[in-house]
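Computed from the coordinates by the stated procedures, all read-outs in this text should not be read as laboratory data. Keep in mind the model is a prediction, meaning the values are calculated, not measured. We place every Cβ from the backbone using ideal geometry, glycine too, and count neighbours over all the protein chains shown.
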Amino acid sequence: MRRTLFSLLLRERDLLGWEAFCVHFAAIGRELARETGNRRLATASVGRTTFDRWSSGTWSGRPRGEAAQILERMLGYTVEELFSLTPDAGEPAAGLESVAARIGSRWPTSTLLLPAGGPAGIWEISGRQRLDGTSAAVHLLPVIRRGEEASVHGLDQDGLRDLERFLRPARRGFLVGVEEGRDDVVYVRDAAAARRPALPVASAAGPMSIPSAYLLDDLSYGILWALTQLDDGLLSDDQALDAEQTLLETYLSLPRSAPSQLLVNLSTIGSSWMGSAFCARHIQQELLDAREVPIFWTREQTGEEAACWLFFRHKLEYLRALERFHGATAQTVRVFCLPESAVAHSEKYERVLLLLAIALMERCGIRVRVVPKTEYSDVDGVALVPGQRAVVAN
């Protein structure tokens, strides 16, 4: 499909985002206003809807008045040239819009925004009840499956330059490979991995590839979905969490719970990490002299809640610390309350995360049991030493 020169110039000059475009548009408008004395040029603006229509690549109208003057100065072409279809414009891979739609329909917590139908955009990832949501840059690429790899193919020099510009910034980003002829088969690779070393325009090592094991399915999406949100949430609270950790020993020495006021100012994920770290230390401290094998009750009912077991290091250290209770005739037990309704209303990728957390516990020698009774859903997490004590973790 042929596209307008305007949409191609936006992609070439990294102006596909409405905000970036408006900055340049306003600056040129003020410059023209000083030169011509026409004050309306200094206040001219472009709304998001209008920009989306212009940048779609197929709009056949013509901007008028001050907007036309600014665009001609800004891009160096007449509006007739800018909004005429180019005869030989290189196109991004076909079906990118359908790929974005498929990903959004399969995983409702995921939205791919591709401005002007180009290959680069934003991947918005939203949480449900416990995760705050985040976003990452994304670049879609055509690939062909060859054995254990999906190799990028069909990129011309412009496409390679676009990819280099995408990989250059030090930010969170993903490369999404779309298998040729099958827009329902996609692979995901962290842009940071592809950035080391950055892809040259002409690579002597051959085409860049994505391991076929990185197929985007419920397993890989669930990990990507949880890990990016947890990581970005912790990074946003990094300074506060570092300062707060120095006070943990003080809290643990107190005879009663005394949560810091600082926890109120953390993100949902930051407060979850701090509370989880405190509870893990508290339980281990209270079980130091336990002689009986404890039984643990946990409140996690969804993959969103259970993901902390998979990605917080102190969780793994906590599980390993409990291995001292394991023996030839003894085994710790962790009980999950999983009402059928809670499982039925969770997405498949969330159930995968929950099962992975259970598998991790069993790998650490813990026997997992499940109670489906809804009336127990609000019982706090607790470590029970039969006949001795119950250590509450909330």
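Of all beta bridges that DSSP places with both ends in region 96-216, some 75 percent have antiparallel geometry. Available extension along the chain between Arg291 and Glu362 is 23.4 nm, counting 0.36 nm per residue and deducting the alpha carbon span.
In this label model, Glu81 and Ser220 are separated by 4.3 nm, measuring between points 7 Å along each Cα→Cβ vector.
Given that just one value was derived from the coordinates, which of (i) 1.05; (ii) 1.09; (iii) 1.00 is Rg/Rh (Cα atoms, Kirkwood Rh)? Checked against the structure: label (ii).
Mind jotting down the distance between the C-alpha centroids of region 17-73 and region 327-394, whole Å? Here the two parts' Cα centres lie 59 Å apart. A Förster radius of 45 Å, combined with the Cβ-Cβ distance separating Asp380 from His24, puts the computed FRET efficiency at roughly 0.20.
Shape analysis of region 231-393 places it in the oblate category; the axes a ≥ b ≥ c from the Cα gyration tensor give an a/c of at least 1.5, with a/b not above b/c. Most simply put, the chain has about 65% antiparallel DSSP beta bridges, counting only bridges with both residues inside it. Label separation (Arg73 vs Leu227): 4.9 nm, computed from points 7 Å beyond Cα along the C-beta direction. Placing pseudo-labels 7 Å out from each Cα toward the beta carbon at Arg324 and Ala342 gives an inter-label distance of 3.0 nm. Dividing the summed -39500 (n - 2.57) terms of all DSSP H runs of n ≥ 4 by the residue count of the chain sets its mean residue ellipticity at 222 nm at -13000 deg cm²/dmol. Potential lengthening of the chain between His153 and Asp184 amounts to 9.4 nm, from the contour at 0.36 nm per residue minus the alpha-carbon distance.
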